[in-house]
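Taken together, the values in this text are just the output of simple stated rules run on the coordinates, not laboratory data. Note that the structure is predicted; figures quoted are calculated from it, not measured. Counting neighbours? That spans all protein chains shown, and the Cβs are built from the backbone with ideal geometry, glycine included.
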Amino acid sequence: MDEACGGVEGIRLPKHFHEVKGLMLKRWKERMTPTDIVMWFIGGAILLLIAWGSTATLTEGRYTSHHWFDFIIFGLAQGSIYALIAMGYTMVYGTLRMINFAHSEVFMSGPYTAYFVAAAFYSSGFLDRQPMISLILIFVVSMATSTLIAVLLERIAYRPLRSAPRLVPLITAIGASFFLQYTFRGLYGSGFQAYPVIKILEGEWTFGEFRILKFQAVVIVAAALLMAALYLFVQRTRIGKAIRAVSEDKETSSLMGINIDRMIVTTFVIGGMAAGAAGVLYAVMFKQVHFFMGFIPGIKAFTAAVLGGIGNIPGAMLGGIFLGLVESVGPSLFLDGLGIVAPYQLKDAIAFIMLVLVLIFRPTGILGERLAVKKA
Amino acid sequence: MKRLWIFLIATLEVIGLMVLTASMVSAQQAKPAFKVEDPMGVVKIKPGESIHIAAWMVVAGPDASLGTDTKRGVEIAIEDKGGKVLGFPIKLSVQDTGCNAEGGQAAATKLAADPTIIAAIGSSCSSEARPGAPILWKAKIATVSPSATSPDLTDPTKRGREYEGFLRTAHNDKVQGAVAAEFAWIQLKVKRAATIHDGSIYAEKLQAIFSETFKKLGGTITSQEAVAPTDTDMRPVLTKIATGKPEFIYYPVFIAAGGHITRQVKEVKGLEKVALMGADGIFSPDFYKAAGETAVGMYHSSPDFSAFGEGYKTFLQKHQKKYGEKPIAPFHAHAYDAAMMIFVAIEKVGQKAPDGTLYIGRKALKDALYATKNLKSLTGNLTCDPNGDCADPRIAIYKTSVENIKSLVLPDKPFWKPYAVAAPGVKTPAEKSPVKK
């Protein structure tokens, strides 16, 4: 709306408030299309359904406060993993304006490779004797592998195509994703591997009526710390500033003496590290790794990035956590009261309906800024 | 002028060739007065060619153990036949099916395009058979499944003509679901149970039969939940189940989801003491790997190995010798039987021409399969009913011990069987009522 008040060219400055209001209304009416009305109608219907379902569930009183607390913790743990993966999507989009669909394989490669380290530690008894050191080593191996894959991906699959039309790297990304999936299938087999149990992370802490599983607390805290570190890196350091400059305008930043290639590689390195760390957290939480494990979390993280406003780092974090929470709380809260059987089967449907809902009312995502013409 | 000549010569040559071939063909036909006719087509196998049998099973991915196990059963059956039927070598080709509808469809489409395939063994999972079996039958390839157990596949009200080519040596889940419910009610004496399925026709039907039987016995089903086979975070759905305070959870799903559920159950408040039970789909060392120590004390409903026929012992010895391990899923013997059933049917309908060519009518083969009666086999006496159920189903309950998890081996001895209480030869209600006629 700010254009209306900000004196857009050719419109005289309004003198009275009524005039401003009238002008805004007129503008708004002009911009409205029948599609918008239909979309708002759909959005309103979904919201109404959600409100109705939630009140029905809450009045039914099937769940106590500790159930809700558990749902929220489960959702936060899952959501922080989505958020970490979403960082990679959003940062690459920010600098290159492309969706790195192979990022889900960057995520998979780390924990799958680190599994073999973990299994070796476990069978030698080192894991039980020195759990902290083992865990750190597992993290290092996973993050290093994911970073390596991300950098190779950029160097081999994306850099040669940087000046190509926008669809070309997108298709390459999908191809690279398949290539990596089946390379890892060839390397490590088509079956799954089960991560050894890390004893110090088992068990739970209780706070009065509420309790939290140890590894969930660890996952949430670790993800929060990592995200804070990455955010500070991008916001406060010189390299971070350079990355932001590249994402604003490549030509100008190269005129300012920024090495664009290096900055783009740096974004891939950061995204790869976040994905590798997310992978270990995922393995700690779910204990199964296989070559196809990246697909679903990858899709979800991409959704989270769009939900939060793609290209925006805090947006990706927020989107990931929002998605995790909706998946965990949503089926019980929205659908249980409506009398729908087996609501958790519709978990993914709910997550994507939320995406649609957000995009109806905020087409750029929760924190997404309106892109300048040049960027979009 | 020259052009005209060339044209003329070419035409003459073509005509001459045609006449020549025609006379040759008629000469060939005239020689043997031998003809095999079949309304669905005849497969001709010349001397030196082989009898082509296809296996469509899940041999890759998280559920690979299910299909690999049955593939080994078929391989041992071929070995026991000396690699030959009616003097023709047997050729086995295997397609992976992925234990999902898409994989089953893709594999069946590929097999259907190969006219040399005489019969198929598969699929592993019921959700593969549902789209796959009609595709194969369109190409008139009959298929015998060793492990697709969903009742829908042989239910006359749900099975159209397109499933005519589908038979199975596996039990019908009408039996398995009922046995599981009886076990929970009679042996464990639980009053409240919950179920989880993954949306596949196998899991959904199995838990439905369990619930139905359990309610009939007097129990309460607190909730019937569903997850997706690819879901990893089961804690929310388990928290929902916990609000119903069940004493028992039955989740006849597959390995990936089953592993996640088993690991996460104990982490959910209110479910720490709940008894867990899975079905034949997760009765595998791979499941033990996925679930780890959390699977100790868990129950599985599965075919009763101790009720298998005489030959099973020697089968196990051969298996150990050939693959260096014990069977890795419950359906190896059913696969052996499926292969044997096909070989017996081929022997029945195969006709050898004087020149040594083997003719097999496709409809005749299908009819021969359906006519299987009292075939002595590893899993019992096979008799096919008109809907394709051939099994002699004996289901038992197994309990997982610490040793099973440590050495990743399935338990040998059943923990409980529904027919142990009855005198030999007398059928218990469990076997009588829900079983096919």
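Under 5 Å from the amide H of B:Gly41 lie the amide H atoms of B:Arg362, B:Lys363, each residue being 5 or more positions distant or on a separate chain, with H modelled from the backbone and absent for Pro and chain starts. Over all projection directions, the Cα-based convex hull of chain A averages an area of 24.1 nm².
Let me have the relative contact order for segment B:180-313, percent, based on Cα pairs under 8 Å that are six or more residues apart. Can you show the working numbers first?
Numbers: 227 pairs, mean separation 29.9, N = 134.
So the answer I get is 22 percent.
Across segment B:310-389, C-alpha contacts under 8 Å between residues 6 or more apart give a mean separation that, scaled by the residue count, equals a relative contact order of 25 percent.
Computed from the alpha carbon atoms alone, the convex hull of segment B:249-375 holds 166 Å³ per residue.
Across q = 0.22, 0.29 Å⁻¹, segment A:221-284 modelled as identical point scatterers on its alpha-carbon atoms has Debye log10 I(q)/I(0) values of -0.87, -1.19, in the order of the q list.
Distances over 29 Å make up what percent of all Cα-Cα pairs in segment A:78-231? Write down the numbers at each step before the final one.
Working: 3409 of 11781 pairs.
The answer is 29 percent, as a whole percent.
What is the projected area of the convex hull of the Cα atoms of segment B:91-153, averaged over all directions, in nm²? If you can, show how the numbers build up before the last one.
Values: hull surface 14.8 nm².
Value for segment B:91-153: 3.7 nm².
Amide H contacts under 5 Å for B:Val85: B:Ile90, restricted to partners 5 or more places along the chain or on a different chain, H placed in the peptide plane at 1.01 Å from N.
Toward the positive end of the charge dipole of chain A, with +1 on the Cβ of Lys and Arg and -1 on the Cβ of Asp and Glu, the farthest Cα among A:Phe292, A:Ile220, A:Trp28 is that of A:Trp28.
Look at the dipole of the protein assembly as shown built from charges on Cβ: of A:Tyr122, B:Ala364, A:Pro111, the Cα furthest out on the positive end belongs to B:Ala364.
Over all other residues within a Cβ to Cβ distance under 10 Å of B:Tyr323, the charged ones net out to +2, with Lys and Arg as +1 and Asp and Glu as -1. Computed from backbone phi, the HN-Hα couplings of segment B:294-307 come to 5, 7, 4, x, 7, 10, 9, 8, 6, x, 7, 5, 6, 8 Hz, rounded to whole numbers (Karplus: 6.51 cos²θ - 1.76 cosθ + 1.60, θ = phi - 60°; Gly and Pro given as x). Computed from point charges on the beta carbon alone (+1 for Lys and Arg, -1 for Asp and Glu), the dipole magnitude for the protein assembly as shown about its Cα centre is near 700 Debye. If you run the Gaussian network model on chain A, springs between alpha carbon atoms under 10 Å, then out of A:Leu84, A:Leu232, A:Leu76 the most flexible one is A:Leu232. Each residue of segment B:36-49 is assigned a 3J(HN,Hα), and the resulting list reads 10, 10, 8, x, 10, x, 10, 9, 10, 10, 6, x, x, 7 Hz, derived from the Karplus form 6.51 cos²θ - 1.76 cosθ + 1.60 (θ = phi - 60°), x at Gly and Pro.
Quick note on segment B:289-337: its Rg to Rh ratio, both from C-alpha atoms and Rh being the Kirkwood radius, is 1.03. Springs join every pair of Cα atoms under 10 Å in this Gaussian network model of chain A, and among A:Gly271, A:Gly365, A:Gly189 the largest mean-square fluctuation is at A:Gly189. Can you give the Rg to Rh ratio of segment A:151-249, both from alpha-carbon atoms, with Rh computed by the Kirkwood formula? Radius of gyration over Kirkwood radius for segment A:151-249 works out to 1.13. Hydrophobic long helices, here whole DSSP H runs in chain B with Kyte-Doolittle means of at least 0.0 and Cα atoms spread over 20 Å or more along the helix axis, are found at B:2-30, B:201-217, B:332-349. Across segment B:220-226, rounded Karplus estimates of 3J(HN,Hα) from the backbone phi angles (6.51 cos²θ - 1.76 cosθ + 1.60, θ = phi - 60°) give 10, 9, 6, 6, 10, 9, 9 Hz, Gly and Pro being marked x. Relative to one another, the C-alpha centroids of segment A:147-174 and segment A:200-234 are positioned 34 Å apart. Placing unit charges on each Cβ (+1 for Lys and Arg, -1 for Asp and Glu) gives chain A a dipole about its Cα centre, and among A:Ala304, A:Gly320, A:Val151 the Cα reaching farthest toward its positive end belongs to A:Val151.
Cα-Cα over 20 Å: which of B:Lys46/B:Lys91; A:Lys347/B:Lys289; B:Lys216/B:Lys413? Table pairs above 20 Å Cα-Cα are A:Lys347/B:Lys289; B:Lys216/B:Lys413.
Nearest 500 deg cm²/dmol is fine: what mean residue ellipticity at 222 nm does chain A get from its DSSP H runs of n ≥ 4 alone, each adding -39,500 (n - 2.57), divided by its residue count? It would help to have the intermediate numbers written out before the result.
On the way: 15 runs with 262 residues, N = 376.
Value at 222 nm, helices only: -23500 deg cm²/dmol.
Its Cα centre serving as origin, chain B has a Cβ charge dipole (Lys and Arg +1, Asp and Glu -1) of approximately 540 debye.
Counted by Cβ distance under 9 Å from B:Val237, the other residues give a net charge of 0, where Lys and Arg count +1 and Asp and Glu count -1.
Over the alpha-carbon set of segment B:314-419, divide Rg by the Kirkwood Rh and report the Rg/Rh ratio to two decimals. Intermediate results must be reported in sequence, preceding the final value.
On the way: Rg = 18.3 Å, Rh = 16.6 Å.
Ratio of gyration radius to Kirkwood radius for segment B:314-419: 1.11.
Mean projection of the Cα convex hull over all viewing directions, computed for segment A:11-165: 19.1 nm².
A simple packing score, the average count of other Cβ atoms within 10 Å per residue, orders the peptides B:210-216, A:220-226, A:289-295, A:201-207 as A:289-295, B:210-216, A:220-226, A:201-207, with the highest score first. Entry note, chain B: the mean residue ellipticity at 222 nm calculated from DSSP H runs of n ≥ 4, each adding -39500 (n - 2.57), is -12500 deg cm²/dmol after division by the residues and rounding to the nearest 500. Each Lys and Arg adds +1 at its Cβ and each Asp and Glu adds -1 at its Cβ; summed about the Cα centre, chain A shows a dipole of about 920 debye.
So what are the protein assembly as shown's ellipsoid semi-axes, whole angstrom, largest first, if each one is the square root of 5 times an eigenvalue of the alpha-carbon gyration tensor? All intermediate terms of the calculation are to be shown ahead of the outcome.
Details: eigenvalues 564, 293, 145 Å².
One finds semi-axes of 53, 38, 27 Å for the protein assembly as shown.
When only Cα pairs below 8 angstrom with a gap of at least 6 residues are kept, chain A shows a relative contact order of 32 percent.
Each pair of Cα atoms in segment A:251-376 enters the Kirkwood radius, and Stokes-Einstein at 4 °C and 1.567 mPa s then converts it into a translational diffusion coefficient of 77 µm²/s. Put simply, the amide H of B:Ser377, placed in the peptide plane, has neighbours under 5 Å in B:Leu382, leaving out anything fewer than 5 places away on its chain.
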